[in-house]
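*Asks:* Before we start, here is the structure in question, set down as structure tokens.
The values are calculated or read from the model by the stated rules, or taken from the named source; none is laboratory data. On a predicted model such as this, the values are computed, not experimentally measured, just so you know. Here Cβ is always computed from backbone atoms with ideal geometry, including for glycine, and neighbour counts include all displayed protein chains.
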Amino acid sequence: MSAEMNERLEALLDDLRGGGGACGAGAVAATSLALAADVVAGAARASDGAWSEARGVAAQSAALRRRAIALARENADAFAAAMGALRPVAGADLAAGAASAAAHLVAVNLTVTGDDARRTAAGDAARPASRDAAAAAGAERD
């Protein structure tokens, strides 16, 4: 592989990774399919004359390559939109879940009673995270 092709492959892989999961596995799978279809098309074109179905296979492979490229774009766009919609709420939900779990662990591990000050303090500490998660979810719907 030439140095230029190596650089182009590196650029492609960087684009697929997107510096933070910018596209999902569907886009990567479709890109892999496009590459494989191109290999098949090339082999079919090289076999023209020796293989009676070579031209048909080359045409079908080229069509598959074009479709796979389009699907990769569609999937990457859909994945980016989904991740953008989920990120703010997911972070708030995670914080609320962690705070709630911590409060529950206080109650369970310390075998506290309902009126124990430690249980009350743990619940009081978890409530702001739950409010923030609910506010983030509400803002996301607006």
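*Asks:* I want to confirm something. Restricting to the stretch 19-45 and keeping residues that are assigned to a loop (DSSP other than H, G, I, E, B) and touching a residue at least 40 places away in the same chain (Cβ under 8 Å), which single residue is surrounded by the most Cβ atoms within 10 Å (Cβ to Cβ)?
*Replies:* Per the stated criteria, the residue is 23.
*Asks:* Select from the stretch 113-130 the residues that are surrounded by fewer than 12 Cβ atoms within 10 Å (Cβ to Cβ) and modelled with pLDDT of 75 or more and list them in ascending order.
*Replies:* Listed by number, the residues that qualify are 117, 124.
*Asks:* Among the residues of the stretch 98-112, is any loosely packed, with under 14 Cβ neighbours inside 10 Å and either assigned to a loop (DSSP other than H, G, I, E, B) or modelled with pLDDT of 80 or more (or both)?
*Replies:* yes
*Asks:* Among residues belonging to the stretch 1-28 that are among the hydrophobic types (A, V, I, L, M, F, W, C) and at pLDDT 90 or above, point out the one that is nearest to residue 79 (Cα to Cα).
*Replies:* 5
*Asks:* Report, by residue number, each residue of the stretch 46-72 that is assigned to a helix (DSSP H, G or I) and of a type in the set (S, T, N, Q). Steps first, please.
*Replies:* Our first condition is that a residue be assigned to a helix (DSSP H, G or I); within the stretch 46-72, this holds for 46, 54-72.
Within the stretch 46-72, 60, 61 qualify.
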